[in-house]
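Coordinate-derived values only; no laboratory data. This one's a predicted model, so the numbers in the text were calculated from it and none came from an experiment. Here the Cβ positions follow ideal geometry from the backbone for every residue, glycine too, while neighbour counts run over all protein chains shown.
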Amino acid sequence: MGLTMRERHTIVRELAPRFRKATKKQRGQILNEFVKLTGYTRCYAAYVLRTCGSRQLRMIGTRRVIFIPGHARPRGTPRARRGRYRTVAFLTALKRLWALSDGLCGKRLVAFIREIVPHLEHQGVLKVADETVRAQLLSVSAATADRILAKTKHETRLKGRSTTRPGTLLKHHIPVRTFADWNDVQPGFCEVDLVAHDGGSAFGDYCHSVNLTDVATGWTETIAAQNKAQIHVFKGLTIIRAQMPFPLLGLDSDNGSEFINTHLVRYCEAEHITFTRSRPYKKNDNCYVEQKNYTIVRRTVAYYRYDTPQHLALLNAIYRTLRLYTNFFLPVMKLREKVRTGSKLARRYDAPLTPYKRLLAHPLVPQETKDNLTAQYNTLNVVQLKRELNQLQQTLFSSAIAAGPPPLPPRCLPYPGPDHPWRDTTQTLQSRPNHGPSPQPINHKPTIDLIQNIHHTPNQRGHNHLKL
């Protein structure tokens with residue numbers, strides 16, 4: 001058993017005067033014995049023996065801390081309160097609210113809790129019997145929530161593949177918009193992208209999700225399409241436009257052929273919708289919707305393969321519930337500015353707010369739209385929405401697992417088949433002009449015979465050589 005902290009401090013106070021008066025050789029001997037006895041590193045041991053009894057000042061974060069090496073805290077001195085958020089009731093309530101928020105980070109989770117707890121109490125869904133636990137839920141900081149939930153946030157993150165294919169030369173007639181051009185936009189200017197549900201195999205037809213995100217408010221609409229054909233993607237966009245609470249003013253996409261086509265361009269021109277595209281191979285130009293591709297689509301429907309009409313119907317049922325859950329109850333943060341100090345880059349965000357709250361606070365949204373959204377918000381129950389999502393997810397995942405692994409494309413044989421013209425053993429090589437006389441007829445052995453007759457023979461040095 002090692003020494004206690006008070007025993008180590010006693011040893012420091014005894015050796016410090018001898019250490020200061022000793023010669024260099026004697027200091028080395030004292031340090032060797034002190035390190036063996038206490039387990040300190042040699043550098044820290046020398047620092048403690050040199051500064052024992054003197055007041056030391058250190059900055060811990062933004063706090064100035066004064067301490068005296070070699071002197072323990074006096075008995076009876078009150079310590080900082082620990083375990084304030086360690087009660088079973090608080091931990092259970094925090095974990096359930098975190099699950100209800102679909103696993104938000106600390107900053108967004110705190111904003112979610114402070115808004116949703118009064119809302120659920122008003123609806124009669126939630127009743128916190130202990131006022132202390134309720135006060136802790138409403139006052140917990142983002143860092144504390146992250147620290148408490150660190151062990152609970154264990155999840156497997158999979159990475160999919162991109163199925164975007166370049167469009168036609170029509171893209172040169174569509175202006176380019178980068179991520180830096182989205183400044184002070186009004187609701188209605190959106191980014192759109194396609195999420196593939198191929199399950200790891202791009203062979204055959206499979207469902208896609210059309211994901212559209214409003215840049216100003218973060219309002220997100222998603223719908224499933226049968227495949228990435230232009231007709232299905234365009235139909236999904238028209239459905240999304242009809243259920244958006246504000247008019248569609250602008251559309252920004254990548255360079256895929258499902259968006260860069262004449263039909264969509266003519267539609268945007270007829271409806272007076274600004275149509276722009278991102279730069280090729282610059283995903284950050286569509287950063288707003290690329291972020292939602294994971295937080296909204298992938299976290300909800302995962303990376304399974306969905307390629308049947310049943311899967312398509314389940315995906316659309318999930319997205320009808322998901323749009324209410326995410327837009328009305330999940331807060332989002334927007335980047336306000338980037339400040340570079342030397343080699344460090346600091347990002348500063350605004351306060352977390354739900355897309356619904358951002359629409360209510362935007363001055364360009366009509367009051368009639370705000371009233372309709374408020375009336376719809378008062379009829380929603382976030383607990384019921386989450387339960388419906390969980391049930392639909394379970395049904396979708398079970399159906400995808402029961403369908404088996406994704407199909408694989410047919411593989412080509414590594415050598416020609418027996419009926420291939422190359423197998424003809426009666427062929428003769430014809431001489432080319434100006435290259436001497438014609439060669440004699442050659443009977444070629446079939447390729448399969450050559451492959452089968454290859455065997456390994458070890459040489460004198462032990463290396464394998466291919467021999468026919």
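So, in nm, how far is label Ala135 from label Thr62 when the simple model puts each one 7 Å beyond its Cα toward the Cβ?
2.4 nm
Using a Cα-Cα cut-off of under 22 Å, which lysines could be cross-linked to Lys370, ignoring same-chain neighbours fewer than 8 residues away?
Counting by Cα, and skipping residues close in sequence, Lys370 has these lysines nearby: Lys334, Lys357.
Calculate the FRET efficiency for Thr92 and Thr395 from the Cβ-Cβ distance with a Förster distance of 41 Å, rounded to the nearest 0.05. Mind dumping the intermediate values first?
Values: r = 28 Å, r/R0 = 0.68.
Calculated transfer efficiency: 0.90.
Quick one: work out the % antiparallel among DSSP beta bridges in region 169-402, nearest 5.
Working: 21 of 29 bridges.
About 70 percent, rounded to the nearest 5.
Subtracting the Cα-Cα distance from 0.36 nm times the residue separation, let me have the gained length for Thr262 to Lys151 in nm, one decimal. List each step's numbers first, then the result.
Numbers: separation 111, 0.36 × 111 = 39.96 nm, distance 5.10 nm.
Taking Thr262 through Lys151 to full extension adds about 34.9 nm, to one decimal.
Please list, in order along region 84-92, the HN-Hα scalar couplings obtained from phi with the Karplus expression 6.51 cos²θ - 1.76 cosθ + 1.60 (θ = phi - 60°), rounded to whole Hz, x for Gly and Pro.
5, 9, 10, 6, 5, 5, 5, 4, 5
Measuring from label point to label point, each 7 Å out along Cα→Cβ, what is the Ala351 to Lys283 span in nm?
Simple spin-label model gives 3.4 nm for this pair.
What is the calculated FRET efficiency for Leu380 to Leu408, with r their C-beta to C-beta distance and R₀ = 41 Å, to the nearest 0.05?
After rounding to 0.05, the efficiency reads 0.40.
GluC sites (Glu not before Pro) within region 241-342: which are DSSP loop residues with at most 16 other Cβ atoms inside 10 Å? Don't jump to the answer; show the numbers that get you there.
On the way: sites: Glu258, Glu269, Glu271, Glu290, Glu337; in loops: Glu258, Glu271.
Answer in residue order: Glu271.
Going through region 198-293, which chymotrypsin sites (Phe, Trp or Tyr not before Pro) have at most 13 other Cβ atoms within 10 Å and a DSSP loop state? Please list the in-between numbers first.
On the way: sites: Phe203, Tyr206, Trp219, Phe234, Phe259, Tyr267, Phe275, Tyr281, Tyr288; in loops: Phe203, Tyr206, Trp219, Phe259, Tyr281.
Within region 198-293, the qualifying chymotrypsin sites (Phe, Trp or Tyr not before Pro) (loop, at most 13 other Cβ atoms within 10 Å) are Phe203, Tyr281.
If you add up the charges near Gly218, with Lys and Arg at +1 and Asp and Glu at -1, over every other residue whose beta carbon is less than 13 angstrom from its beta carbon, what do you get? Can you show the working numbers first?
On the way: positive: Arg108, Lys292, Arg323, Lys334, Lys357, Arg358; negative: Glu191, Asp214, Glu221, Asp350.
Residues close to Gly218 contribute a combined charge of +2.
Compare the peptides 353-361, 386-394, 9-17, 399-407 by average per-residue count of other Cβ atoms within 10 angstrom and give them in order, highest first.
On the way: 353-361: 20.6, 386-394: 15.0, 9-17: 16.8, 399-407: 13.2.
For the peptides 353-361, 386-394, 9-17, 399-407, the packing ranking is 353-361, 9-17, 386-394, 399-407.
Quick one: order Glu115, Glu191 by neighbouring beta-carbon count within 10 Å, fewest to most. It would help to have the intermediate numbers written out before the result.
Values: Glu115 17, Glu191 27.
Neighbour counts put them in this order, fewest first: Glu115, Glu191.
In units of 2.2 N^0.38 Å, what is the alpha-carbon radius of gyration of region 169-402? List each step's numbers first, then the result.
Values: Rg = 18.1 Å, N = 234, 2.2 N^0.38 = 17.5 Å.
Computed over Cα atoms of region 169-402, the ratio equals 1.04.
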